[in-house]
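Read the figures in this text as sums done on the coordinates, not as results from a lab. Model, not experiment: these values are computed from the prediction. Glycine gets a Cβ as well: all are built from the backbone with ideal geometry, and neighbour counts include every protein chain shown.
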Amino acid sequence: MERKTDYVALSKAFGGNGYVATTPEEFEEAFVKALKADGPVVIDTRIDKDEFVLPMLPPGGAIDDIITNVKK
């Protein structure tokens, strides 16, 4: 994703709050703030494109292709 959308600014433009998290610690801090906030909140969580996270849609996949667990 090469788009440089500022989701924090977008959230604020619609009357919400927004935070950026690039580490697990930053996410935890933003999540605590989000739970205390009145109104909508966006947490722009920056995750490396090669990181394996679940649930995941494979590239080009449809919602029916969602991966929810690791098969061993």
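Annotations for the structure displayed:
- A21 touching a strand residue (DSSP E or B) at 6+ places or on another chain (Cβ under 9 Å) and surrounded by 13 or more Cβ atoms within 10 Å (Cβ to Cβ): yes
- Residue count for the range 29-72, restricted to those that are surrounded by 10 or more Cβ atoms within 10 Å (Cβ to Cβ), in a loop (DSSP other than H, G, I, E, B) and either at positive phi or small (G, A, S) (or both): 2
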